[in-house]
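The next block holds one structure in the form of structure tokens; read it before the comments.
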Amino acid sequence: MNERNLKIEPTDVTPFFLLDPGAGTMEFRGRSLPCASQRFYHPIIRKIENVFEKGTISFTANFALEYFNTSSSKCLFDILKKLAMYKNNGANVVINWFYEEFDEDMRETGEDYENILGVSFNHIPI
């Protein structure tokens, strides 16, 4: 694994996460239910900031979460807000929001984030 990559294997309460700066990709997959979401997400947010501080101009973020709790929602929103900021500052940021085809709540959550942030997402049913 490249030292710049960050890979976190899933647990019962945290999602799979992979950040590959060389490929310009990031992926969240699974469920996010940690009691201390900040502890889990802070290193991820810092790593994303580092990627863009190094001049990344093309980046794809894939969110394929089955479920997340309220504290995770705040952290995910913070990540999406940063991605929106980079996109608004000229980076080519693509946000893919995956949701199970009949999961209206997750689809609507992605749409809500998109509307609040004012950046377009690709909404992809799976």
(message) Here's a check for you: in segment 1-24, which residue that is of a type in the set (Gly, Ala, Ser) and in contact (Cβ under 8 Å) with a residue 12 or more places away in the chain is surrounded by the fewest Cβ atoms within 10 Å (Cβ to Cβ)?
(response) Gly22
(request) Report, ordered by the first and then the second residue, all pairs with beta carbons closer than 9 Å, sequence separation of six or more or different chains, a first member in segment 50-68 that is within 10 Å of Pro15 (Cβ to Cβ), and a second member that is hydrophobic (A, V, I, L, M, F, W, C) and open to solvent by 30 Å² or more (accessible area, probe 1.4 Å). (result) Phe63/Phe98; Ala64/Phe98; Ala64/Ile124; Ala64/Ile126; Leu65/Phe98; Tyr67/Leu33; Phe68/Leu33
(message) Where the second residue is open to solvent by less than 30 Å² (accessible area, probe 1.4 Å) and outside any strand (DSSP E or B) and the first is closer than 15 Å to Asn62 by Cα and touching a residue at least 40 places away in the same chain (Cβ under 8 Å) and lies in segment 90-118, which pairs have Cβ atoms under 6 Å and are six or more apart or on separate chains?
(response) Gly110/Phe121
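Mind checking which residues of segment 26-66 are among the aromatic types (Phe, Trp, Tyr) and under 20 Å from Thr109 (Cβ atoms)? Talk me through it step by step, then tell me what you get.
In the first step, residues of segment 26-66 are kept if they are among the aromatic types (Phe, Trp, Tyr); the result is 28, 40-41, 52, 59, 63.
The answer is Phe28, Phe40, Tyr41, Phe63.
The values are calculated or read from the model by the stated rules, or taken from the named source; none is laboratory data. Keep in mind that what you see is a predicted model, and the values were worked out from it rather than measured. Because the Cβ atoms are built from the backbone with ideal geometry, glycine has one as well, and the counts that use them run over all protein chains shown. For accessibility, only protein heavy atoms count, side chains too; no ligands or nucleic acids. Shrake-Rupley method; radii C 1.70, N 1.55, O 1.52, S 1.80 Å.
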